[in-house]
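*Asks:* Below: one structure in structure tokens.
The values are calculated or read from the model by the stated rules, or taken from the named source; none is laboratory data. What you see is a predicted model; the values in this text were computed from it and never measured. A quick note on method: Cβ atoms are made from the backbone with ideal geometry, for glycine too, and the neighbour counts reach across all protein chains shown.
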Amino acid sequence: MTIDWSWIGDHTDDLTSLTLSHLQAAMTAVFFGLLISLPLAVLAHRVRSLRGFLLGLSNVLFTIPSIAIFVLLLPVSGLTRTTTVIGLTVYTLVVLLRNTVEGLDSVPAKTKEAAKAMGTRPLRTLLTVEFPLALPVIFAGIRIATVMSISLVSVATYIGDGGLGQLFTDGFQRDFPTPVIVGVVLTILLAVVADALLVALQYVLTPWRRRRA
Amino acid sequence: MIQFDAVHKRFPNGTTAVHDLSLEMPEGGVTVLVGSSGCGKTTTLRMINRMIEPTSGTIRVNGRDVTEQDAAELRRSIGYVIQQAGLFPHRTVLDNIATVPLLLGWNRKKARARAAELLETVGLAADAGKRYPHQLSGGQQQRVGVARALAADPPVLLMDEPFGAVDPVVRAQLQDELLRLQKELSKTIVFVTHDIDEAVRLGDRIAVFRTGGYLVQCAPPAELLARPADDFVADFLGAERGLKLLSLKTLAEVPQGPAPEGGAWTLVLDADRRPLHWASKDAELPVRPLTDGDSLLSALNESIASPTGLIARVDATGALTGVSSRDDIHVHAGQAHSEARVVAA
């Protein structure tokens, strides 16, 4: 199996736009995943009776095969980027919801108690005490969700999207390995870089965890 | 002033934590609530800032019924210090202290300036302000806890076993510091502890609670020690009740005379008349001079250690004012007991 380096040189523009499109699909999914998970996690954290139901539901959604989810969405949103993003978002929920709930659970009762005793109202406590302290666990979830989404985008090739995944179908159809290898390498690179950026972001956002004694 | 009027607290599980409590905690004084665990002392404290709501009865802080005020606003007007400090791990020391001022709507600059000022008040170095709580020792964290409670200058301070988690040496330092602060600030303090020595040391009044949420006796420390209301209180105060009473009395009223000359032992002074040591023909023994502010307990202790049975007494500059004998101290200690009994009766 040899790599046709000239093919890469001839297609740099295509590769760039596919990479960006790939990244955009994954990041949008994580963004909407967070948007849905954060309030649901607060609900699951506060209302014990809803917790099992919500976490169970996210588990069930996760078990739906990825191709099936796109097919199921076709009548709703057709062969569009929207379908890709909805599908990916559904998968992010399982980690984002669970980690956010666990993050909120990990905030020491003593600290919440102190906030209340100082005269902090519940919403402010949630935003300025509970979320910041839950951040390390939430970030662990965001990192998994991001890497998972980046690797899953390719599946959307079946509905005409799929970012770098299009290189795989292209390569298979023409029995030409270069695009496949390039696609795999770029996907891995994208995941590694995104993960490193998230680690850096977490470092910036949680200054109290540096130089931990 | 904090007034409890027929306050009752029964938890949903059926246990009664506080039983028909009527109690006044005087303005500008330290009221210590003591008792073994499950006696309702912490519940009593937490009902003042509505962390727990009473089942019946009323609690007034400076004349106002606490249940008629917004709970969050009430809490901002009452300082609260918790065991192990309960600091916010994600905020710097300075921002921890500034918590209540920021909640009250002060701008960040003013709140930080106030926090920096308090850092000094509680005896912490200015550079501690930029650190995070986990970078401080337990004793330092506890000081930050006190500073945080004082930040908005509340008239009332609630302290829930604040020094319970630090070692005895640091605890004594923190107690001294609190007494020093209280002399300056005259807050109305409610202090919960299970340590009777701490209660005697800090309290202007001590309220002893018994399991089941009953207040057994509330009195100034000297009165409590001299005349416990019943066997429960006597047991709780412990076998060394008499010695604890001596720790409350000072040397000020014990008579003193001139240092003896020509005996077996002489007290050697330096050029400024400061005692150096006891000297005999062939020996030297150390001397620990005492001032009027020292307790009868330490005077008694010193008189036993002294080769002559005499204690050396000095003024604020350390210069000798005279000596007192073991007998002088004994007589006065006996008087202290009977005086306390008369007051109590």
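*Asks:* Could you please give the count of residues in segment B:260-296 that are buried (at least 17 other Cβ atoms within 10 Å of the Cβ) and closer than 15 Å to B:G318 by Cα?
*Replies:* 6
*Asks:* Another question about this same structure. Which members of segment A:54-77 meet the condition of being among the hydrophobic types (A, V, I, L, M, F, W, C) and surrounded by fewer than 12 Cβ atoms within 10 Å (Cβ to Cβ)?
*Replies:* A:V60, A:A68, A:V76
*Asks:* If you don't mind, another one. More than 10 Å from chain A (Cβ to nearest Cβ), out of contact with any Gly (no Cβ under 9 Å at 6 or more places or on another chain) and surrounded by fewer than 17 Cβ atoms within 10 Å (Cβ to Cβ), is that true of B:A113?
*Replies:* yes
*Asks:* Can you name every residue in segment B:27-53 that is of a type in the set (D, E, K, R) and more than 14 Å from chain A (Cβ to nearest Cβ)?
*Replies:* Across segment B:27-53, the qualifying residues are B:E27, B:K41.
*Asks:* Identify the single condition in (1) in contact with a helix residue (DSSP H, G or I) (Cβ under 7 Å, 6 or more places away or on another chain); (2) away from every other protein chain (no Cβ under 14 Å); (3) within 23 Å of B:L237 (Cβ to Cβ) that B:A126 does not satisfy, given that it satisfies every other one.
*Replies:* Of (1) in contact with a helix residue (DSSP H, G or I) (Cβ under 7 Å, 6 or more places away or on another chain); (2) away from every other protein chain (no Cβ under 14 Å); (3) within 23 Å of B:L237 (Cβ to Cβ), only one is false for B:A126: (3).
*Asks:* Give segment B:126-154 a look and list any residue that's crowded, with 16+ Cβ neighbours inside 10 Å and outside any helix (DSSP H, G or I), or say none.
*Replies:* Scanning segment B:126-154 gives B:R131, B:Y132, B:L136, B:A151, B:A152, B:P154.
*Asks:* Looking at (1) within 12 Å of chain A (Cβ to nearest Cβ); (2) in a strand (DSSP E or B); (3) aromatic (F, W, Y), can you tell me which one B:F4 breaks?
*Replies:* It is condition (1) that B:F4 fails.
*Asks:* Would you confirm whether or not segment B:75-86 contains a residue that is free of Cβ contacts under 8 Å to residues at least 40 places away in the same chain and of a type outside the set (A, V, I, L, M, F, W, C)?
*Replies:* Checked segment B:75-86: at least one residue is free of Cβ contacts under 8 Å to residues at least 40 places away in the same chain and of a type outside the set (A, V, I, L, M, F, W, C).
*Asks:* Anything in segment A:113-125 that is closer than 19 Å to B:E53 by Cα and either more than 10 Å from chain B (Cβ to nearest Cβ) or surrounded by fewer than 19 Cβ atoms within 10 Å (Cβ to Cβ) (or both)? List them, or say none. Show your work before the answer.
*Replies:* We begin by selecting, within segment A:113-125, every residue closer than 19 Å to B:E53 by Cα; these are A:113-122.
Listed by number, the residues that qualify are A:E113, A:R121, A:P122.
*Asks:* Looking only at segment B:134-166, how many residues end up being among the acidic types (D, E) and more than 16 Å from the chain's Cα centre (by Cα)?
*Replies:* Total satisfying the criteria: 1.
*Asks:* As an exercise: evaluate A:T128 against (1) more than 14 Å from chain B (Cβ to nearest Cβ); (2) farther than 30 Å from A:T19 by Cα; (3) surrounded by 15 or more Cβ atoms within 10 Å (Cβ to Cβ) and give the number of the one condition it does not meet.
*Replies:* Going through the list (1) more than 14 Å from chain B (Cβ to nearest Cβ); (2) farther than 30 Å from A:T19 by Cα; (3) surrounded by 15 or more Cβ atoms within 10 Å (Cβ to Cβ), A:T128 breaks only (1).
*Asks:* Still on this structure, please answer the following. Please determine, by comparing only the residues of segment B:68-93 that are at the interface with chain A (Cβ under 8 Å from one of its Cβ atoms) and under 20 Å from the mean Cα position of the chain (by Cα), which one is farthest from A:E113 (Cα to Cα).
*Replies:* This residue is B:Q84.
*Asks:* When you go through B:A312, B:A333, B:A299 one by one, which is the residue that is touching a Pro at 6+ places or on another chain (Cβ under 8 Å), surrounded by 15 or more Cβ atoms within 10 Å (Cβ to Cβ) and within 27 Å of B:R201 (Cβ to Cβ)?
*Replies:* B:A312
*Asks:* On to the next question. If the requirement is being away from chain B (no Cβ under 14 Å), surrounded by fewer than 18 Cβ atoms within 10 Å (Cβ to Cβ), among the small types (G, A, S) and within 21 Å of A:A134 (Cβ to Cβ), which of these qualifies: A:A196, A:A200?
*Replies:* A:A200
*Asks:* Let me ask something else. For segment B:94-108: of the residues being within 8 Å of another protein chain (Cβ to nearest Cβ) and hydrophobic (A, V, I, L, M, F, W, C), which is nearest to A:K110 (Cα to Cα)?
*Replies:* Of everything passing the filter in segment B:94-108, B:V100 is nearest to A:K110 (Cα to Cα).
*Asks:* Which condition breaks for B:V233 when tested against (1) aliphatic (A, V, I, L, M); (2) loosely packed, with under 15 Cβ neighbours inside 10 Å; (3) not assigned by TED's automatic domain parsing to the domain that holds B:V287?
*Replies:* All conditions are met except number (2).
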